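The values are calculated or read from the model by the stated rules, or taken from the named source; none is laboratory data. Computed from a predicted structure; not experimentally measured. Cβ: placed from backbone, ideal geometry, glycine included. Neighbour counts: every protein chain shown. Keep in mind that these areas ignore ligands, DNA and RNA; they rest on the heavy atoms of the full protein, side chains included. Shrake-Rupley method; radii C 1.70, N 1.55, O 1.52, S 1.80 Å.
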Amino acid sequence: LPSGLKIHLHGNADRIDREEEAIHIIDYKSGAKAAAQYQLTELNLESLLKKPNAVQLPVYALMYLQAHPQEEVQASILSLKKLSENPIRMKIEKQTSLNSENKDQVEKLLQELFGEMFNPDIPFKSRV
């Protein structure tokens, strides 16, 4: 983070497939929110704070890209409850995948989010 704090993220994807020219990370959910809750129409902190569920898929995509920077990465939720809405794809503005060309913008936004989360000068405020 800009403050010098280092955050190490790790996680396990439920499934990773290669589809045509892209890697597709899939997270299964026993329930799921509406598709719009996983998608960001604007790439800024305010939009992300309004849709906290939209953080998960880009984080998975960025983690994969760190290990495989040459890949094109897509990510989706597959709801076991809302079958008619599957797949619920990661969407950031108009993009449905991350790659070496657009990952920096998403990474910067996540750094801003985590910077706020771990800043002791900003009091915790429930946003639920």
Give me the one-decimal nm value for the distance between modelled label points at L45 and Y28, 7 Å along each residue's Cα-to-Cβ direction. 3.7
With every protein chain left in place, what is the accessible area of L5 in Å² (1.4 Å probe, nearest 10)? 70
Per DSSP H run of n ≥ 4, the term is -39500 (n - 2.57); total these for the chain, divide by its residue number, and report the mean residue ellipticity at 222 nm rounded to 500 deg cm²/dmol. -8000 deg cm²/dmol
Counting only protein heavy atoms and rolling a 1.4 Å probe, one gets per residue an accessible area for region 22-99 in Å² of 50
Surface share of carbon and sulfur [accessible, 1.4 angstrom probe, percent] for the chain: 50
Work out the length of the dipole vector of the chain about its Cα centre, built from +1 on the beta-carbon of each Lys and Arg and -1 on the beta-carbon of each Asp and Glu, and round it to the nearest 20 debye. 620
Checking E21, E71, E42 against a Gaussian network model of the chain (alpha-carbon springs below 10 Å), the top fluctuating residue turns out to be E21
For the chain, what relative contact order do you get, as a whole percent, if you take Cα pairs closer than 8 Å and at least 6 residues apart? 27
Calculate log10 I(q)/I(0) of region 1-63 for q = 0.29 Å⁻¹, where I(q) comes from the Debye formula with a single equal point scatterer on each Cα and nothing for solvent. -1.26
Rounded to whole Hz and in sequence order, give me ³J(HN,Hα) for region 51-60 from the Karplus expression 6.51 cos²θ - 1.76 cosθ + 1.60, θ = phi - 60°, writing x for Gly and Pro. 10, x, 5, 6, 6, 4, 5, x, 5, 4
As a test of reading the structure, rank H10, H68 by solvent-accessible area (1.4 Å probe, protein chains only), most first. H10, H68
Could you put M90, M63 in order of accessible surface area, largest first, with the 1.4 Å probe and the full protein assembly present? M63, M90
What are the lysines whose alpha-carbon lies under 25 Å from the alpha-carbon of K125, with same-chain residues fewer than 8 places away excluded? K6, K33, K50, K51, K108
Which ³J(HN,Hα) values in Hz, rounded to whole numbers, follow from the phi angles of region 62-71 under the Karplus curve 6.51 cos²θ - 1.76 cosθ + 1.60, where θ = phi - 60° and Gly and Pro get x? 5, 4, 5, 5, 4, 7, 9, x, 7, 7
Principal axis extents for the chain, Cα atoms only, whole Å, descending order, please. 44, 34, 26
In nm, what is the difference between 0.36 nm times the number of residues separating H68 and R15 and their Cα-Cα distance? 17.5 nm
